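These notes are about the structure you will find just below.
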Amino acid sequence: MKIAFVGKGGSGKTTLSSLFIRHLAASGAPVVAVDADINQHLGAALGLEEAESAALPAMGDRLPLIKDYLRGTNPRITSADTMIKTTPPGEGSRLLRVREDNPLYDACARPVELDGGAVRLMVTGPFTDADLGVACYHSKTGAVELFLNHLVDGRDEYVVVDMTAGSDSFASGMFTRFDITFLVAEPTRKGVSVYRQYKEYARDFGIVLQVVGNKVQGRDDLDFLRAEVGDDLLVTVGHSDWVRAMEKGRPPRFPFLEDANRRALRTLQVAADAAYELRDWKRYTRQMTHFHLKNAHSWGNARTGADLAAQIDPGFVLGEGVTAPA
């Protein structure tokens, strides 16, 4: 399952996504964790030291390699230079699997050992001083979008993406790449404002959106969230001494996480697993095509000097049964 964690800055989405990743790893599930926020905090939340986090290979710096690998032998893509963030796969494209080893993972992923298991961690890379005035951060997150477009994940496999804060993911079609989106919201007006934006934007795209109430301290907070988000409220999370210790760099072993928070994580997994049954690969592929054409017409054709609509393979549908060249 492909799972996104979104929310306003400071909502706790990175903390909750890291707890969910730890929960999945402890169950023995294969997990690819992706930090798609240019404020790179997921590595630290998973226990990496600052130097280790800084040394993670940035996907945004490896776009030529990513494009060249994913292009494969697809005759509709004449060169890697004509690929943009929304380029969809077609016959001959290389597809990615959660459990496999491949050159893209070798270049862009690193194993992170957690209590009870290990995960692959990938990061977009930070937006640096060198990027100011010459690039936008979507050039970084575009690498993640290409990765998701070419990913074929199955039941009981998890790809967990910590998204950029706010509603900026709607600047591309990446918000349609997920089986379920967990929106982390505090019990405040600002806390639910991003929820309203997501709900409005996602209305026409079949997005499965569930709200995780964070920093909920009592009945009044719970009633507020229920009044604001209704049935989209899946579960709430309160204070955690375990998380406080983690933020100080001294996390206890994961089995010592509070029982209430462990139950909340199990609720998230049940919801994610249920979303698998709603998969519609034809719709998924159709949405890729929609956003690719939109980006091609608005800027892609002019940027690359090519007709990017020609990259779309009309007979191709991404799915778990599709094979790809070695």
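The values are calculated or read from the model by the stated rules, or taken from the named source; none is laboratory data. These numbers come from a predicted model, not from an experiment. Virtual Cβ from ideal backbone geometry, glycine too; neighbours counted across all protein chains shown. In case anyone asks, the SASA skips ligands and DNA or RNA and just uses the protein heavy atoms, side chains included. Shrake-Rupley method; radii C 1.70, N 1.55, O 1.52, S 1.80 Å.
Which whole-number percent is the relative contact order of the stretch 1-137 (Cα, under 8 Å, 6+ apart)?
Details: 165 pairs, mean separation 46.9, N = 137.
Normalised by residue count, the contact order of the stretch 1-137 is 34 percent.
By the scheme Lys and Arg +1, Asp and Glu -1, what is the net charge of all other residues having a beta-carbon under 14 Å from that of A260? Present the calculation step by step, with values, prior to reporting the outcome.
Values: positive: K215, R262, R263, R266; negative: D241, E258, D259.
Result for the neighbourhood of A260: +1.
Return a whole-number percent for the relative contact order of the chain, with Cα pairs under 8 Å and 6 or more residues apart as the contact set.
On the way: 576 pairs, mean separation 88.5, N = 326.
Relative contact order here is 27 percent.
Express in nm, to one decimal, how much length is gained between R283 and A51 on full extension, taking 0.36 nm for each residue of separation and deducting their alpha carbon distance. Please list the in-between numbers first.
Values: separation 232, 0.36 × 232 = 83.52 nm, distance 4.16 nm.
Working it through step by step, the gained length comes to 79.4 nm.
When ranked by the protection proxy of mean other Cβ atoms within 10 Å per residue, highest first, what sequence do the peptides 72-81, 26-35 form?
Values: 72-81: 15.9, 26-35: 21.5.
In decreasing order of mean packing, 72-81, 26-35 become 26-35, 72-81.
Calculate, in nm to one decimal, what A107 and L222 gain on full extension: separation in residues at 0.36 nm each, minus their alpha carbon distance.
Values: separation 115, 0.36 × 115 = 41.40 nm, distance 4.41 nm.
That pair, A107 and L222, stretches by 37.0 nm at full extension.
How do T323, T86 rank by accessible surface area computed with a 1.4 Å probe, from largest to smallest? Walk me through the intermediate numbers first.
Details: T323 120, T86 5 Å².
My answer, sorted largest first, is T323, T86.
Of the heavy-atom accessible surface of the chain (probe 1.4 angstrom), what whole percent is carbon and sulfur? Show your work: numbers first, answer last.
Numbers: 7100 of 14400 Å².
Accessible surface attributable to carbon and sulfur in the chain totals 49 percent.
For Cα extents along the principal axes in Å, pick the label among (i) 68, 51, 47; (ii) 57, 44, 40; (iii) 65, 48, 43 that corresponds to the value derived from the coordinates.
The listed entry that was calculated here is (ii).
Residues of the chain: accessible area per residue at 1.4 Å, in Å²?
Per-residue value: 44 Å².
Can you tell me the relative contact order of the stretch 231-299? Whole percent, Cα pairs under 8 Å, sequence separation 6 or more. Before the final figure, lay out each step's value.
Numbers: 22 pairs, mean separation 19.7, N = 69.
Once divided by the residue count of the stretch 231-299, the mean separation gives 29 percent.
Measure nothing but the geometry: give the 0 to 90° angle between the long axis through the Cα atoms of 13-26 and the longest principal axis through the Cα atoms of the chain, rounded to 10°.
That helix lies at roughly 90 degrees to the long axis.
Students often forget the sequence filter, so: which aspartates and glutamates lie under 13 Å Cα-Cα from K8 once same-chain residues fewer than 8 apart are removed?
D37, D162, D168, E186
How much length, in nm to one decimal, is gained on full extension between D204 and T188, taken as 0.36 nm per residue of separation minus their Cα-Cα distance?
In short, 3.1 nm is gained.
Anyone know which of G213, G92, G238 comes out most mobile in the 10 Å Cα GNM of the chain?
The residue with the greatest mean-square fluctuation here is G238.
When the dipole is taken about the Cα centre of the stretch 3-154, and only Lys, Arg (+1) and Asp, Glu (-1) are charged at their Cβ, what size is it in debye, to the nearest 20? List each step's numbers first, then the result.
Numbers: 14 positive and 18 negative charges, 102 e Å.
Charge dipole, the stretch 3-154, about its Cα centre: 480 debye, nearest 20.
Top mean-square fluctuation among G117, G206, G305, Gaussian network model of the chain, C-alpha springs under 10 Å?
It is G305.
Rank F224, F291, F256 by mean-square fluctuation in a GNM of the chain with C-alpha springs under 10 angstrom and give only the top-ranked residue.
It is F256.
From the cross-link list K2/K215; K190/K282; K2/K67; K13/K67; K85/K248; K67/K248, which pairs have alpha carbons spaced over 32 Å apart? Please list the in-between numbers first.
Values: K2/K215 25 Å; K190/K282 36 Å; K2/K67 21 Å; K13/K67 29 Å; K85/K248 37 Å; K67/K248 39 Å.
Among K2/K215; K190/K282; K2/K67; K13/K67; K85/K248; K67/K248, the Cα-Cα distance tops 32 Å for K190/K282; K85/K248; K67/K248.
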